[in-house]
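Have a look at the structure below before the remarks.
The values are calculated or read from the model by the stated rules, or taken from the named source; none is laboratory data. The model shown is predicted, which means the values in this text are computed figures rather than measured ones. All Cβ positions, even for glycine, are placed from backbone atoms using ideal geometry, and neighbour counts span all protein chains on display.
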């Protein structure tokens, strides 16, 4: 039975009460989805990835329109809400926006933070102008998301508004076995400022496909801090794609974290479209068991006088695998670019594996572009030193792994998030 | 460097002279079973080699063109001449035996003079055939073999068969298959255990026929504890139509041996230069690739070292210069397949005008290669705003005790350095030329003094000749 077809796209669009233009765009994406083959190891960007066990053709879970009170939220979320930096948040359980809490004073200043479906009704022009600009039909999974997404978040920050505390989305999956596809659309007008954290949570589940996409539109002078935190339980196959469009003097501080799931892939792109734009891109991953994490990054310098600075650090143990493939691409005329890219890996077991491909494509000459990649075990000298101070070897090793990952953590000014990630890493180190 | 000077840098190609040579046999255009059979017939080959060629032809026809890397659409494989026999004399032992017109070419290139002064042996290939091979007598007495590959196949058949196509089998890639089908010329080198060849052996490749494909094949065996340095140089006149050079170089470096293979490629800029070079390096042996790519329209060349036993080491030094109309897609590959193996790659490229230089490399550490170490360093210098450079380093690690690092930088000529040199009395363009020479110095200094003469002359032509 073919489940990923036109009937289902129409059913989703109808259930969400969407305007005609959106159904049309969904159907176009469906066409691309139907035409594109599933990637395999012969595709350059999938050469290290084995999708043979991935639940690719699962039916998409339909929205049920469920809502919950704050007290009735899943335990997973409640525990996170006790220690979080966010002041306003949306909670999705599967495809349903079950709970929302957005400070009234922000709404009064023109900020919009709600589900995509709701925003389509209240602010249709704002959504139509921005949706699918960053992620549409770039590959099989992007097209699948664009055609079949059942839910999403929409954040709109009006010109000049500076939101001090972060806003966030908690996406929880409680039942496995069905595909879940959602997106985030973030629009920051001129000189607006905000922070946005998306967290993905679930208990251990049977094999489940999860698709997410984040589109970020940063108008001149806008500043966004964005964090994508994936701590799913076992069984999840997570395909994430994000793209930020940065206009003149816009700034992005981005963080992508993969700690959970069976397989997680993050395709992270920053498009520096105006002079003065800058993008900081941080990544953190730690794989155990048979986890496989793919990170594909793009620092695309289209205009002159732009800056990007990327640091992806990770560790793998047991039979885990990590792939980093990053590209700094400078268009002709992207003079005075300053671009940096670094990937640092720790291999902690003889059966773990790392592949790293830091790439440059440079089309302008008056630039500073450097990159580096290192992969190594925990440093013997450092271990020896700590042992000489009385630490048992295993403890010394745990300490050094945490120190390796801490380089990224210390660059995140969100205290509660940092503490949360430290706790998850602590747990994984001891597994 | 002043705008005007930089524009004319390296645009003069000194090896453009067409020789008045009438070949004795020219194969029909295109590659077919008939052409392969004709090549084999003209060489008087054993039956097994013809079979090998025909099998390779099938593989070549089955394999698709590479879907990555430079644009090869200008390469018309059906319109090339795959075999040109320049003269009846094959593999002469003295220059006098060679037809006058061909000899003049090598004299113009300065080969006989270099042979007298600084080389242990010389081989010269003209279009499809080796026309000259000679090695110093004392080496011959020690058992060193340095002959045309055809002679190696016939005279030393057992040794030849043991290694031929074992390092680079025809299945390796489409162009290795093409070479395996159409190969002609190249050297066969054997250095017996413990013998150290102090002066380099040199082979010189010249293409004269237009729309021609040269498919030299070289097999070098360095036996236990032996040492050798082999140098290859290439030139061709500039025609308006495209030619192809597809070599396969196979090297076996046995236990404790040392070898170095140096290529300074200065093909004319209508040449597609698609070469497969690989060395198998055994216990405690050391192999060095020194790869200079200055000429050709498109180069695809990634010298590789497979480190197969503990203690094997390799160093790959690569320099590329890309001018307008050139794409140098070069790099290196190291496979670390045993404990305590180590390798270094240093790549330097200069792009000028609309030239494009790409580094493409692979460092792979297999599971069990305990304490393997590899380091890659790529530096790119961009002269003009239109110049382009890429870095595509693949790093694959299956071993937890391995240390692998990669670093790359891209820059233009530093204004502050120019300014400093100017305050010391140098003109702006002199300062720029000095900085460029300094940039390639770490590799240039690795060349043996004798051969540095050749490289320096080429680099000066490219970089300095039109400056100041």
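Couple of notes before you dig in:
- The residue that is nearest to residue B:354 (Cα to Cα), counting only those in the range B:308-336 that are crowded, with 21+ Cβ neighbours inside 10 Å and out of contact with any strand residue (DSSP E or B) (no Cβ under 6 Å at 6 or more places or on another chain), is B:323.
- Residues in the range A:324-333 that are touching a residue at least 40 places away in the same chain (Cβ under 8 Å) and buried (at least 24 other Cβ atoms within 10 Å of the Cβ) were compared, and the one that is farthest from the other protein chains (Cβ to nearest Cβ) is A:326.
- Every condition in (1) within 28 Å of the chain's Cα centre (by Cα); (2) surrounded by fewer than 19 Cβ atoms within 10 Å (Cβ to Cβ) is met by residue A:380 except one, and the failing one is (1).
- Looking across the range A:27-53 at every residue that is buried (at least 18 other Cβ atoms within 10 Å of the Cβ) and more than 22 Å from the chain's Cα centre (by Cα), the one that is farthest from residue A:353 (Cα to Cα) is identified as A:30.
- Here the range A:338-350 is the region considered, the condition is being free of Cβ contacts under 8 Å to residues at least 40 places away in the same chain and more than 7 Å from chain B (Cβ to nearest Cβ), and the residue that is farthest from residue A:293 (Cα to Cα) is A:338.
- Residue check, residue A:353 closer than 19 Å to residue B:406 by Cβ, surrounded by fewer than 17 Cβ atoms within 10 Å (Cβ to Cβ), within 7 Å of chain B (Cβ to nearest Cβ) and within 33 Å of the chain's Cα centre (by Cα): no
- Scanning the range B:72-89 for residues that are at pLDDT below 80 and either touching a strand residue (DSSP E or B) at 6+ places or on another chain (Cβ under 6 Å) or exposed (fewer than 12 other Cβ atoms within 10 Å of the Cβ) (or both) yields a count of 1.
- As a summary of the residue check, residue A:315 satisfies the conditions (1) in contact (Cβ under 8 Å) with a residue 40 or more places away in the chain; (2) within 14 Å of another protein chain (Cβ to nearest Cβ); (3) surrounded by fewer than 24 Cβ atoms within 10 Å (Cβ to Cβ) except for the one numbered (3).
- Screening the range A:358-368 for residues that are assigned to a strand (DSSP E or B) and surrounded by 24 or more Cβ atoms within 10 Å (Cβ to Cβ) and picking the one that is farthest from the other protein chains (Cβ to nearest Cβ) gives A:358.
- Restricting attention to the range B:422-444, the residues that are surrounded by 15 or more Cβ atoms within 10 Å (Cβ to Cβ) and in a helix (DSSP H, G or I) add up to 14.
- Being modelled with pLDDT under 95 and more than 14 Å from chain A (Cβ to nearest Cβ) holds for only one residue in B:317, B:335, B:382, and it is B:317.
- Conditions (1) surrounded by 12 or more Cβ atoms within 10 Å (Cβ to Cβ); (2) at pLDDT below 80; (3) more than 30 Å from residue B:437 (Cα to Cα); number of the one not met by residue B:15: (3)
- Any hit, the range A:245-253, residues being farther than 22 Å from residue A:112 by Cα and either assigned to a strand (DSSP E or B) or over 12 Å from the mean Cα position of the chain (by Cα) (or both): yes
- Inside the range A:26-60, residues that are out of contact with any helix residue (DSSP H, G or I) (no Cβ under 7 Å at 6 or more places or on another chain) and outside any loop (DSSP other than H, G, I, E, B) make up a count of 7.
- Flag if residue B:309 is assigned to a loop (DSSP other than H, G, I, E, B), out of contact with any helix residue (DSSP H, G or I) (no Cβ under 7 Å at 6 or more places or on another chain) and either in contact (Cβ under 8 Å) with a residue 24 or more places away in the chain or closer than 23 Å to residue B:221 by Cα (or both): yes
- Within the range B:408-417, restricting attention to residues that are crowded, with 18+ Cβ neighbours inside 10 Å and more than 20 Å from residue B:318 (Cβ to Cβ), the residue that is farthest from the other protein chains (Cβ to nearest Cβ) is B:413.
- Any hit, the range B:344-355, residues being under 27 Å from residue A:322 (Cα atoms) and in a loop (DSSP other than H, G, I, E, B): no
- Qualifying residues in the range A:406-420 (those that are in contact with a helix residue (DSSP H, G or I) (Cβ under 6 Å, 6 or more places away or on another chain) and part of a helix (DSSP H, G or I)) - the one surrounded by the most Cβ atoms within 10 Å (Cβ to Cβ): A:409
- Only one of the listed residues (A:169, A:217, A:163) is in contact with a helix residue (DSSP H, G or I) (Cβ under 6 Å, 6 or more places away or on another chain) and touching a residue at least 24 places away in the same chain (Cβ under 8 Å). That residue is A:217.
- Test: residue in the range B:338-359 that is crowded, with 22+ Cβ neighbours inside 10 Å, more than 22 Å from the chain's Cα centre (by Cα) and at pLDDT 95 or above: yes
- Some residue of the range A:84-102 being farther than 30 Å from residue A:419 by Cα and either part of a strand (DSSP E or B) or touching a strand residue (DSSP E or B) at 6+ places or on another chain (Cβ under 7 Å) (or both): no
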